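In what follows, a single structure is set out as structure tokens and then discussed.
The values are calculated or read from the model by the stated rules, or taken from the named source; none is laboratory data. In this text the structure is predicted, and so the values were computed from the model without any measurement. Glycine gets a Cβ as well: all are built from the backbone with ideal geometry, and neighbour counts include every protein chain shown. Heavy atoms of the whole protein, side chains included, go into the accessibility calculation; ligands, DNA and RNA do not. Shrake-Rupley method; radii C 1.70, N 1.55, O 1.52, S 1.80 Å.
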Amino acid sequence: VEESRTNLLAYSDDLTNALYFDGFNLTLDRIENGQKIWKIVSTVERPYLVLTMPCSTTYTAGKYTFSASHILNKAGCSLCINNILESSDKLVSDVLTSNLKRVSQTFDFPAGAVTTFKIVWLGDIKVGDTFYISSPQLEAGSFPTSYIATGATAVTRPAGNKKFEFTNVKHIPTIENFSVSFWVNKTHNLTNEVGVLADFKFGTFSAAAK
């Protein structure tokens, strides 16, 4: 169950529609567990490769989080993002991995209007070096949520909800003899929706971080 979020990156599910690739060829390598995995093969010898994607044009000031699944298989290289409104790159991951790994980076944006977002591979990159990336996402917030596939425009996922329903209840519990306890992520909001049983209340409520 997650709050409503918007993936601000356009064409996150088809990177061939990105604005441009700087220094590499990009092809769809495979689909794994529903994720499209894109293969990046360097065509140059230089200290960086850049994938530039279209994104939402207006930002309010605050925290934003980038996330993606990727394979980084060359020592001395790292996956970064360019903050656009700042000059420096932000490190997302420099951990070597031969399997897809979901990584994220949270950073501050001032208010402004931009139309591009840059994903950067930094390092001593040679011709033929290969990297993989899948499911990139940029969202407002201080933590990542599950991937939202986009096409030509940003896509918003509505807030999720979970209901626990009781049927054929023989005895209506009271606050004195009934409690409900469960674990929930500390960033999620919970509400008690009173329905037909207007006098139903939670006797004990636990919402600690898991």
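The criterion of at least 2 residues that are at pLDDT below 90 is met, among strands (runs of 3 or more DSSP E) falling completely within the stretch 6-119, by 101-109. The set of residues in the stretch 29-49 being without any contact (Cβ under 8 Å) to a residue 24 or more places away in the chain and either among the polar types (S, T, N, Q) or surrounded by 13 or more Cβ atoms within 10 Å (Cβ to Cβ) (or both) consists of ASN33 alone.
Just the residues that are surrounded by 17 or more Cβ atoms within 10 Å (Cβ to Cβ) and within 26 Å of GLU45 (Cβ to Cβ), please, taken from the stretch 119-142.
Listed by number, the residues that qualify are ILE119, VAL120, TRP121, LEU122, GLY123, ILE125, ASP129, PHE131, TYR132, ILE133, SER134, PRO136.
Taken over the stretch 55-83, the criterion of being open to solvent by less than 50 Å² (accessible area, probe 1.4 Å) and in contact with a Phe, Trp or Tyr (Cβ under 7 Å, 6 or more places away or on another chain) is satisfied by CYS55, TYR59, GLY62, TYR64, THR65, HIS70, ILE71, LEU72, CYS77, LEU79, ILE81, ASN83. Only a single criterion out of (1) open to solvent by less than 10 Å² (accessible area, probe 1.4 Å); (2) in contact with a Pro (Cβ under 6 Å, 6 or more places away or on another chain) is not satisfied by SER4, namely (1).
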